[in-house]
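Right, one structure below, let's go through it.
The values are calculated or read from the model by the stated rules, or taken from the named source; none is laboratory data. In this text the structure is predicted, and so the values were computed from the model without any measurement. Ideal geometry is used to build each Cβ from the backbone, glycine not excepted, and the neighbour counts take in all protein chains shown.
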Amino acid sequence: MAGISSPDDSQRMTILRLAPARLAACFAAAAALLVLASSADAAVFCVKDPACPAGGIAKDTPEQAFQAADADGLEDTIRLGAGNFDTLGFSTAKPVDVVGAGIDKTIVTDLDGGAVLQLDNASSSVMGLTALPVEKNSQGFRLFSGADGTDLSVVAPDSTTGVIGFVLSAGSVLQGIEVNVPDDASTGVYSAGSAWVRDARIAAGVGLDGELSVRRAVIRANIGLVDRGNPMNAANVLITRHPQSTKNDFTGIRVSNFDGTFPQVTASNLTIDGGGLGTGIEVVSNESASVSSGTAGAIVKNAILRGVATAIHRHGYIAPRTASVDISYSSYDDTKLISGGAGSLTQGPGNLTNDLDPRFVDPAHMDYRLRHDSPMLDIGRPVASVGEENPDLAGKDRVRDSDGNGSAIRDMGAYEYQRLAPTAAFAASPHPAIVGELAAFDAAASVDPDGDPLSYAWAFGDGATASGASATHSFGAPGSFPATLTVTDPTGLSSTATNAVEVAAAPAPALAPRVTLAAPRCALRLGKRSCTLRGTVRGAHRVRVTVARRGAKPRTIVATVRRGRWSVRVPKLRRGTVKFTVRALASDGRTAKATRRVRVR
């Protein structure tokens, strides 16, 4: 073992000279230590985690938690709560499970340009974290010796270059990952040994590089899949350009042998869209005069190559350094092929070579599912060519009777058309509806799981009907009416929803407000003049009295209203003519007023 030397002869003699009793004591002590170690329980270390389980040990920082986990040598768990943690990088070769609160909840930022987290033990795992490498040429997660990762993301600022989201070694498995880094010299996932990636969304310069098995991945990159040496296999993968690409080039799959290796990509159910430039599949073999061996190859089934200047580019140097491509049951433009040098381009059965429109649902918004009228339905390879092809990129059944002809065959591309019935749902307002007034009906909640357009048919329960995603209707009588919506997709599959719409009689029209003002009763009391005003009011909830006198600023007093009568006392009046204006205000905004002029003596 590296770092541990074998004992020499003198050391062996020293061991043999030990007295038997002393040897027995040594063995007894060692056995006791083994019993103690085996009886110890793994610990749970919690950092800012309110959900820390009973018996968990609280630590102030992740560094303290990792130090404690390293110290006992057991397979401990480190729980990191929601929040932001700055680090110079965590690394451990001891078995440990690191658990965060979830993507974008627990965020760990690396400040020294290394890796945010490195695990180097086959029993180790990490889940529920976002890594934020902010330095040039830094990495998010290094998972070595078979360590695994689940529900992880790596995000880097736009100014950061050379970032690698995940670095793997043989035996590692990634599940449910996201990478969003600039396209400048960056890589989403790199593996130096046979590793797995499942359910990934990656935006990087290079999507996936190395000896990988890939299932269900959305890759937005300048180069989607790269294989330079060991085998790579992929199924149900969508590859498009990086969303903020700074390069005027694109390659969906690149297989290249420049050092005597034997890279081989085997892929099934790919959708590749170059946005009008670049190459769909590129396979190039060795051009180095110093290396006389090595081949490069790609076997591709059920693929859609779209929006590329060159569908397939193949070039082998000289035999035996060959470059070969075998493509079948795929759609591409055979006028956009480049093939030369040693090796072969084999166009097998089932290909559509006239660049047919796949009829994606909405590629401008990254929805590359096939529509109901796509020419790529049920014409893929009849049997699987790569293990674990099922489910498709959306997690749906890979083999469906997509065209409705009674037989189920794979579709071309990363998505399988499911041919599922829509779900009808609608809302009506107001609640309740009013007789004679328009009620609104909205079917926005209706869903077609295939992304197909829907037709809408309404029946309002009183014999009236309408069409369209929204409608209006007025009911002629009060009661409860079973309004029904039926939605139908282009394949004829439909769904119905019925809701009871309560309709109330129109309220009686509100009486126009009216107010009266009786003759004011004015008097001189204790040297001060005042007037008491009274009157009646109907259809109003508030009465205000305005007192105006020439040369003085008007003032307003709120009157007391009780049982259709109102009253108010107006104090501090001077001699002269005073104008009293009474206004009654109804709840619907209408008003009524009465006016009197009084000479105060």
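Points to keep in mind about this one:
- Any chance GLU287 is among the charged types (D, E, K, R) and either modelled with pLDDT under 95 or surrounded by fewer than 20 Cβ atoms within 10 Å (Cβ to Cβ) (or both): yes
- The residues listed here are SER446, SER530, SER467, SER495; of these, the one that is assigned by TED's automatic domain parsing to the domain that holds VAL543 and either farther than 30 Å from ASP588 by Cβ or of a type in the set (A, V, I, L, M, F, W, C) (or both) is SER530.
- Every test in (1) within 33 Å of the chain's Cα centre (by Cα); (2) not assigned by TED's automatic domain parsing to the domain that holds ASP199 is passed by ASN286 save one, and that test is (1).
- Single residue of the stretch 201-241 satisfying the filter (within 23 Å of the chain's Cα centre (by Cα) and among the polar types (S, T, N, Q)) that is nearest to LEU174 (Cα to Cα): ASN236
- Single unsatisfied condition, THR160 versus (1) of a type in the set (Val, Ile, Thr); (2) touching a residue at least 60 places away in the same chain (Cβ under 8 Å); (3) farther than 25 Å from VAL283 by Cβ: (2)
- SER446 meets each of the listed conditions (1) under 24 Å from the mean Cα position of the chain (by Cα); (2) under 30 Å from ARG220 (Cα atoms) apart from (2).
- Screening SER124, SER172, SER138 for residues that are surrounded by 17 or more Cβ atoms within 10 Å (Cβ to Cβ), modelled with pLDDT under 95 and farther than 25 Å from PHE250 by Cβ leaves exactly one candidate, SER138.
- Qualifying residue in the stretch 388-401 (condition: in a loop (DSSP other than H, G, I, E, B) and over 28 Å from GLY492 (Cα atoms)): yes
- When residues in the stretch 95-144 are screened for being farther than 23 Å from SER186 by Cβ and over 24 Å from the mean Cα position of the chain (by Cα), 8 of them pass.
- Filtering the stretch 501-530 to residues that are under 14 Å from TRP566 (Cα atoms) and buried (at least 17 other Cβ atoms within 10 Å of the Cβ) leaves PRO513, VAL515, LEU517, PRO520.
- Residue within the stretch 410-420 that is in contact with a Gly (Cβ under 9 Å, 6 or more places away or on another chain) and either free of Cβ contacts under 8 Å to residues at least 12 places away in the same chain or more than 24 Å from ASP367 (Cβ to Cβ) (or both) present: no
- Considering the conditions (1) farther than 30 Å from ASP397 by Cβ; (2) exposed (fewer than 13 other Cβ atoms within 10 Å of the Cβ); (3) at pLDDT 95 or above, ALA445 is excluded by exactly one of them, (1).
- Residue that is surrounded by the fewest Cβ atoms within 10 Å (Cβ to Cβ) [pool: residues in the stretch 290-340 that are touching a Pro at 6+ places or on another chain (Cβ under 8 Å), under 24 Å from ASP355 (Cβ atoms) and among the small types (Gly, Ala, Ser)]: SER328
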